[in-house]
Amino acid sequence: MTAPVDPSDKFAAYAHPERLVSTAWLQEQLDAGAGSPDLVVVESDEDVLLYETGHIPGSVKIDWHTDLNDPVQRDYIDGAAFARLVGGKGIGRDTTVVIHGDKNNWWAAYALWVFTLFGHEDVRLLDGGRAKWIAEDRAITTDRTEVTPVEYPVVERRDEAVRAFKEDVLAHLGKPLVDVRSAPEYSGERTTAPDYPEEGALRAGHVPTAVNIPWATAAAPDGTFKTREELDAVYRDGAGIGDADEVIAYCRIGERSSHTWFVLQHLLGYENVRNYDGSWTEWGSAVRVPIAVGTEPGEVPAR
Amino acid sequence: MTDTTAVPLPGSLAEIRDDFLELSQQDRLQLLLEFSDELPALPDALRGHEDELERVEECQSPVFITVTVGQDGDAPDVVRMHATAPREAPTTRGFASILAQGLSGLTATEVLAVPADYPLTLGLNEAVSPLRIRGMVGMLGRVQRQVRALVGAAGTLR
């Protein structure tokens, strides 16, 4: 059984209000006794230990790096591994999954995007994430969550709809492309986010024609998503995406751009949005792909 | 510098490594969390001067370190490492705490002989991920560089 939709006015203005829940809504559900297998709260943080320092009672942790990435190949886990992972967290195919995390839900959005690759129907973000929940003095515990594993079907991962590969980006040049990294990464001054470790891209700059809208532009100061009107101003008008049919977003490894993917797909309702997870760590090291440097998007290269 | 390959790992660091290795993956995370909780506050003399400490760029969270050699009543070549990192960054705090506990009290020569890959030997690659462990490798490198600069300036090492 899926949980009811959060009826908040703010969410009603988004294209898909059912993809967000407020802290108050979640509190209400938990107080009413909602839990696995109907509703499971997942925490996904940048810091692998943050969950252990205190988490929403009954919630489980999924780590972007140790759980969702294939340990050998640069890819996501397969259907069997996903079924083992989420089934072991008490998540069934019909479970309402509410994901939240640190840093404006950056990694939470990444986890949600991976759930989407497996076609999990009802997966939502907690608006404002971990920081808002704690700021509102809501319950946090260090008690280990007792999970009753459930059966999750082995579903083949379907990448086409929401995942772009390097060849897709090359074929896409000239259509809306959003680079969600920081300004110095976009212009080519650096290859990693300020304050982040160097993670090996041989060249700096951006994919020609990409506009630069840093991912956190979508977040309000309290870490919640900006309103529909504000987001329209940023992306539809500001980034010139308008009513485009197809959009691709990228960053460095596809995590920050998952956040923007969520905004474009679920809050603004673009039909065909893909996240290029190879992103700059692939593009910036690939042989003979076009690169633009400086603060301007640049031209579509002649073919 | 002489060849350091034959220098055995100092007891403090070997003990921390062995403590991690004898645990299950999940319990290794708990031990890292305990280290995180044990990271001592900065000594009074450094408090309020965080901006003068060195930022560890390899870590994803704001962590600042500094090193003293032969201060606060220590013998002239004894190293102390101090670090500060926010509560919201427990992994980084844990890394700093392991190094602060394992390195403080060693001589400068011993600190400089610690292999650069010590963080990779703690058995945390699976539980924490190699990418994150790189933050601790960077932190160790910065400690060693500070120690080298301090002993070089004072001429206490050889």
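The values are calculated or read from the model by the stated rules, or taken from the named source; none is laboratory data. Only a predicted model underlies this, so the values are computations on that prediction, with no experimental measurement involved. Ideal geometry is used to build each Cβ from the backbone, glycine not excepted, and the neighbour counts take in all protein chains shown.
Could you please find all residues in region B:35-44 being surrounded by 15 or more Cβ atoms within 10 Å (Cβ to Cβ) and either under 13 Å from the mean Cα position of the chain (by Cα) or within 14 Å of B:Phe95 (Cα to Cα) (or both)?
Here is the first cut: in region B:35-44, the residues surrounded by 15 or more Cβ atoms within 10 Å (Cβ to Cβ) are B:35-36, B:39, B:42.
B:Phe35, B:Ser36, B:Leu39 - these are the residues of region B:35-44 that are surrounded by 15 or more Cβ atoms within 10 Å (Cβ to Cβ) and either under 13 Å from the mean Cα position of the chain (by Cα) or within 14 Å of B:Phe95 (Cα to Cα) (or both).
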- Task: Could you grab me the full set of residues in region A:129-149 that are out of contact with any helix residue (DSSP H, G or I) (no Cβ under 6 Å at 6 or more places or on another chain) and either closer than 21 Å to B:Ala89 by Cβ or in a helix (DSSP H, G or I) (or both)?
- Result: A:Arg130, A:Ala131, A:Ile134, A:Ala135, A:Ile140, A:Thr141, A:Thr142
- Restricted to region B:113-140, and to residues that are under 12 Å from the mean Cα position of the chain (by Cα) and assigned to a helix (DSSP H, G or I), which residue is surrounded by the fewest Cβ atoms within 10 Å (Cβ to Cβ)? B:Val137
- Message: I need the full set of residues from region A:116-139 which are of a type outside the set (Lys, Arg) and either free of Cβ contacts under 8 Å to residues at least 24 places away in the same chain or over 19 Å from A:Gln265 (Cβ atoms) (or both), in order please.
- Response: A:Gly128, A:Ala131, A:Trp133, A:Ile134, A:Ala135, A:Glu136, A:Asp137, A:Ala139
- Task: For B:Glu110, state whether it is out of contact with any strand residue (DSSP E or B) (no Cβ under 7 Å at 6 or more places or on another chain) and either of a type in the set (S, T, N, Q) or more than 11 Å from chain A (Cβ to nearest Cβ) (or both).
- Result: yes
- Flagged in region A:149-178 as under 25 Å from A:Thr260 (Cβ atoms), out of contact with any Leu (no Cβ under 7 Å at 6 or more places or on another chain) and among the charged types (D, E, K, R), in numbering order, are A:Glu160, A:Lys166, A:Glu167, A:Asp168, A:Lys175
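Residue-by-condition table, conditions (1) surrounded by fewer than 20 Cβ atoms within 10 Å (Cβ to Cβ); (2) farther than 22 Å from A:Asp47 by Cα; (3) over 11 Å from the mean Cα position of the chain (by Cα); (4) away from chain A (no Cβ under 14 Å):
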| residue | (1), (2), (3), (4) |
| --- | --- |
| B:Leu46 | yes, yes, yes, yes |
| B:His49 | yes, yes, yes, yes |
| B:Val67 | no, yes, no, yes |
| B:Asp72 | yes, yes, yes, yes |
| B:Thr84 | yes, no, yes, yes |
| B:Ala89 | no, no, yes, no |
| B:Gly94 | no, no, no, no |
| B:Gln101 | yes, no, no, yes |
| B:Ser104 | yes, yes, no, yes |
- Search region A:279-298 for residues that are under 23 Å from A:Arg74 (Cα atoms) and pair each with any residue that is at pLDDT 95 or above and of a type in the set (Ser, Thr, Tyr) when their beta-carbon atoms are under 6 Å apart and the residues are at least 6 apart or on different chains. A:Ser279/A:Tyr250
- Message: Restricting to region A:19-60, count the residues that are assigned to a loop (DSSP other than H, G, I, E, B) and among the aliphatic types (A, V, I, L, M).
- Response: 6
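Looking at B:Val79, B:Val56, which is the one that is out of contact with any Asp or Glu (no Cβ under 7 Å at 6 or more places or on another chain), facing another protein chain (nearest Cβ under 10 Å) and either closer than 19 Å to B:Tyr118 by Cα or crowded, with 21+ Cβ neighbours inside 10 Å (or both)? Spell out the reasoning first.
Numbers: B:Val79 fails: facing another protein chain (nearest Cβ under 10 Å).
One residue alone meets the criteria, B:Val56.
Please enumerate the residues belonging to region A:103-152 that are among the basic types (Lys, Arg) and buried (at least 19 other Cβ atoms within 10 Å of the Cβ). First the steps, then the outcome.
Applying the first criterion (among the basic types (Lys, Arg)) to region A:103-152 yields A:103, A:124, A:130, A:132, A:138, A:144.
Across region A:103-152, the qualifying residues are A:Lys103, A:Arg124, A:Arg130, A:Lys132.
Looking only at residues that are at the interface with chain A (Cβ under 10 Å from one of its Cβ atoms) and closer than 14 Å to B:Gly94 by Cβ in region B:21-34, which one is surrounded by the fewest Cβ atoms within 10 Å (Cβ to Cβ)? Lay out the reasoning, then the answer.
Taking region B:21-34 as the starting set, the residues that turn out to be at the interface with chain A (Cβ under 10 Å from one of its Cβ atoms) are B:25-26, B:29-30, B:32-33.
Add one more test, that the residue is closer than 14 Å to B:Gly94 by Cβ, and what stays is B:29-30, B:32-33.
Details: B:Leu29: 22, B:Gln30: 13, B:Leu32: 24, B:Leu33: 19.
My answer is B:Gln30.
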- Considering residues of region B:141-158 that are surrounded by 15 or more Cβ atoms within 10 Å (Cβ to Cβ), under 13 Å from the mean Cα position of the chain (by Cα) and away from chain A (no Cβ under 14 Å) only, the residue nearest to B:Pro76 (Cα to Cα): B:Val147
- Task: Inspect region A:32-51 for any residue being touching a residue at least 40 places away in the same chain (Cβ under 8 Å), touching a His at 6+ places or on another chain (Cβ under 8 Å), within 14 Å of chain B (Cβ to nearest Cβ) and crowded, with 18+ Cβ neighbours inside 10 Å and give the result as yes or no.
- Result: yes
- Item | All positions within region A:61-82 that are of a type in the set (A, V, I, L, M), in a loop (DSSP other than H, G, I, E, B) and surrounded by fewer than 19 Cβ atoms within 10 Å (Cβ to Cβ) | A:Val72
- Item | Residue identified as touching a residue at least 60 places away in the same chain (Cβ under 8 Å) and in contact with a Ser or Thr (Cβ under 6 Å, 6 or more places away or on another chain) among A:Arg252, A:Arg228 | A:Arg252
- One residue from A:Ala171, A:Ala193 being within 14 Å of another protein chain (Cβ to nearest Cβ) and either at pLDDT below 95 or assigned to a helix (DSSP H, G or I) (or both): A:Ala193
- When you scan region B:9-33, how many residues do you find that are closer than 23 Å to B:Thr66 by Cα and either without any contact (Cβ under 8 Å) to a residue 40 or more places away in the chain or in contact with a Gly (Cβ under 7 Å, 6 or more places away or on another chain) (or both)? 7
